[in-house]
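Below is one structure, written out as structure tokens, with a few remarks after it.
The values are calculated or read from the model by the stated rules, or taken from the named source; none is laboratory data. Note that the coordinates shown come from a computational prediction; the quantities given were computed from them, not determined experimentally. Cβ sites come from the backbone with ideal geometry, for glycine too, and all protein chains shown count toward neighbours.
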Amino acid sequence: MTRNTVARIDLSAIRENLTRVRALAPDSLVACVVKADGYGHGLQHVVPALEGADILAVATVGEAERCRQLGWEGRLLMLEGPSNVDECRAAVMLSCELVIHHDSQLALIRKAEGASTRSLWLKLDSGMHRLGFPASEAGHRYRELKVLSEHSIVLMSHFACADNPANPKTRQQIQVFDEAVSGLSGPVSLANSAAILNFTDSHRDIVRPGIMLYGVSPCPGHTGEDIGIRPVMTLQCELIAVNTVKKGQSVGYGGEQTCAEDMSIGVAAIGYGDGYPRGLKQGAPVLVNGRRAPLLGPVSMDLTTIDLRQHPDARVGDSVTLWGEGLPVEEVAAWAGAIPYELICGVTARVRSVVSQA
Ligand SMILES: *Cc1c(COP(=O)(O)O)cnc(C)c1O
């Protein structure tokens, strides 16, 4: 028997979420972002489900290699671009398109035979100040890439604050970008999930959704349901003990959480060793047999303790949902002082995935 701590992966949801992206950005190609093992959902599940994508986008060459091994023959983009000659050569062998964001990468492209046989993506820094050439260098860098590539140069940038539609930063970034590339020709790609939702004028030729495809909202205070998408991952386990703990007794490591009365405490087979965050505050919700119950006591490596006062019928073997269907990961993340991206990417290899198609 295996431990029943599982990530249920609903592949029909990921397909529907892609359809939703297409409805929101009908005139754009969709580069589906599957970095970090498909945001923790398992590339082996996500890649076949996204067969309708126009492009798959990964962060690293290792991820690109796995996409090819999984049978993806379409356009493949490496968002970080190469950081050494070996990576550059490997990416060329995999027919990857490369993001070029730094001077140091131009030398790699020149060294790696054939690096110019796919589109290069010129990444400009329009105000996020993480990766990208300064906007003022756009024309000069464009001409450098043109010499290296017989293909069109994709002009790209990335937003820092698109999750908040009221933040003026995104419009400023769009303006900086548009001024920088005026007179340069090539497809344009700006929008992550948040910008797909909040900034229609950023859609342009190619959108780059990540988190939305997994049914999770990028915008604080909203859940996927609010924006017409469905969670792909539901993290579940079982109760492996139900105990009575006396009034005034403490529960778990540290002994700081005490029972206000004699109460029933459920012990669920999940902990931070599975990626369930230790930072969750007291009272954070789980679902026991589909109904809410609050945490009581700290999350430990393998186990989590739950206040079952409202669940007198709960028994060993009953199902506990940590997030997903019925309990938005966006809400759970807030209880952990985290963003939902961290929670879904953080599920560890110990958690078995159970895939459903329908
Ligand atoms: C991760 C990433 C995305 C996707 O972002 P989401 O917020 O998950 O939609 C898009 N573009 C770039 C460059 C990225 O690194």
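If you go through the stretch 258-273 one residue at a time, do you hit one that is among the polar types (S, T, N, Q) and within 16 Å of the ligand (Cβ to nearest atom)? Break it down stepwise before answering.
Residues of the stretch 258-273 among the polar types (S, T, N, Q): 258, 264.
Cutting the leftovers down to within 16 Å of the ligand (Cβ to nearest atom) gives us none.
There is no residue in the stretch 258-273 that is among the polar types (S, T, N, Q) and within 16 Å of the ligand (Cβ to nearest atom).
Being touching a helix residue (DSSP H, G or I) at 6+ places or on another chain (Cβ under 7 Å), of a type in the set (G, A, S) and farther than 16 Å from M156 by Cα is the filter here, so list the residues in the stretch 72-117 that pass it.
A90, A91, A112, G114, A115, S116
How many residues, within the stretch 205-232, are more than 13 Å from the ligand (Cβ to nearest atom), out of contact with any Asp or Glu (no Cβ under 8 Å at 6 or more places or on another chain) and more than 20 Å from A166 (Cα to Cα)?
The qualifying residues number 3.
Are any of the residues in the stretch 122-144 assigned to a loop (DSSP other than H, G, I, E, B) and more than 15 Å from the ligand (Cβ to nearest atom)?
Narrowing the stretch 122-144 to residues assigned to a loop (DSSP other than H, G, I, E, B): 126-132.
With the extra rule that they be more than 15 Å from the ligand (Cβ to nearest atom), the set shrinks to none.
No, there is no match, as no residue in the stretch 122-144 is assigned to a loop (DSSP other than H, G, I, E, B) and more than 15 Å from the ligand (Cβ to nearest atom).
Looking for whichever is more than 27 Å from R350 (Cβ to Cβ), of a type in the set (A, V, I, L, M) and either modelled with pLDDT of 95 or more or surrounded by fewer than 18 Cβ atoms within 10 Å (Cβ to Cβ) (or both) here; the options are L56, L29. Which one fits? Please lay out each step first, then the result.
Working: L56 fails: more than 27 Å from R350 (Cβ to Cβ).
Answer to the check: L29.
Do we have any residue at all in the stretch 158-171 that's away from the ligand (no atom under 16 Å from the Cβ), in the same structural domain as D205 (by TED's automatic domain parsing) and of a type in the set (S, T, N, Q)?
no
Just the residues that are over 11 Å from P277 (Cα atoms) and within 25 Å of the chain's Cα centre (by Cα), please, taken from the stretch 304-333. Before the answer, list the steps.
First, the residues of the stretch 304-333 that are over 11 Å from P277 (Cα atoms): 305-321, 323-331.
V320, T321, W323, G324, E325, G326, L327, P328, V329, E330, E331, listed by residue number.
Can you find, within the stretch 324-346, the residue that is farthest from L303 (Cα to Cα) among those that are within 16 Å of the ligand (Cβ to nearest atom) and of a type in the set (A, V, I, L, M, F, W, C)?
Applying the filter and picking the extreme gives I339.
Could you check the stretch 327-358 and list, in sequence order, the residues that are aliphatic (A, V, I, L, M) and part of a strand (DSSP E or B)?
Taking the stretch 327-358 and keeping what is aliphatic (A, V, I, L, M), we get 327, 329, 332-334, 336, 338-339, 343-344, 347, 349, 351, 354-355, 358.
Correct list: L327, V354, V355.
Counting residues that are without any contact (Cβ under 8 Å) to a residue 40 or more places away in the chain, which strands (runs of 3 or more DSSP E) fully inside the stretch 230-297 reach at least 1?
233-245, 263-268, 291-294
Among the helices (runs of 4 or more DSSP H) contained in the stretch 29-95, which hold 3 or more residues that are away from the ligand (no atom under 16 Å from the Cβ)?
On the way: elements: 35-39, 43-49, 61-69, 85-93.
Once the helices (runs of 4 or more DSSP H) in the stretch 29-95 are filtered for at least 3 residues that are away from the ligand (no atom under 16 Å from the Cβ), what remains is 43-49, 61-69, 85-93.
A49 - would you say it is under 15 Å from M233 (Cβ atoms), of a type in the set (G, A, S), touching a Cys at 6+ places or on another chain (Cβ under 6 Å) and at pLDDT 95 or above? Before you say what the answer is, go through the steps one by one.
Details: under 15 Å from M233 (Cβ atoms): yes; of a type in the set (G, A, S): yes; touching a Cys at 6+ places or on another chain (Cβ under 6 Å): no; at pLDDT 95 or above: yes.
Spelling it out, it is not the case that A49 is under 15 Å from M233 (Cβ atoms), of a type in the set (G, A, S), touching a Cys at 6+ places or on another chain (Cβ under 6 Å) and at pLDDT 95 or above.
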